[in-house]
Amino acid sequence: MAAPNAVERKVCWDARDLLWKCLDDNNDKAAACQKFQSEFESKCPAQWVKYFSKRRDFLKYKEKMNTEGFTPSDGPRQPS
């Protein structure tokens, strides 16, 4: 597969941005954004779709850690 050219990259990134905005506006309810998800998948290479999906999950997790902080679990503790 050839790398996307500048126009193809912009089309992909615009589709990604529309999907992410929809997800943000709808509290991450994928069903409400299915149209945007389909557009995103059709306009971006499959590897990019996978990467951007993981990237969004990471950014959301990072944001949560920055705002809420980290709370360790009450699970089993290792002996000292």
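Each reported figure results from applying straightforward, stated rules to the coordinates on display, with no laboratory input. These numbers were taken from a predicted model, which means no experiment stands behind them. Backbone-built Cβ (ideal geometry, glycine too); neighbour counts: all protein chains shown.
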If we keep only residues of segment 42-62 that are closer than 20 Å to A3 by Cβ and among the aromatic types (F, W, Y), then the residue nearest to the chain's Cα centre (by Cα) is F52
Against the conditions (1) within 21 Å of L59 (Cα to Cα); (2) assigned to a helix (DSSP H, G or I), where does D28 fall short? Just the number, please.
(2)
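Filter segment 1-20 down to residues that are closer than 20 Å to Y61 by Cβ and touching a residue at least 12 places away in the same chain (Cβ under 8 Å), then give me how many there are. Outline the logic, then answer.
Restricting attention to segment 1-20, the residues satisfying the condition of being closer than 20 Å to Y61 by Cβ are 16-17, 19-20.
Cutting the leftovers down to touching a residue at least 12 places away in the same chain (Cβ under 8 Å) gives us 16, 19-20.
Number satisfying all stated conditions: 3.
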Quick check, is A15 of a type in the set (G, A, S) and either surrounded by 14 or more Cβ atoms within 10 Å (Cβ to Cβ) or outside any helix (DSSP H, G or I) (or both)?
yes
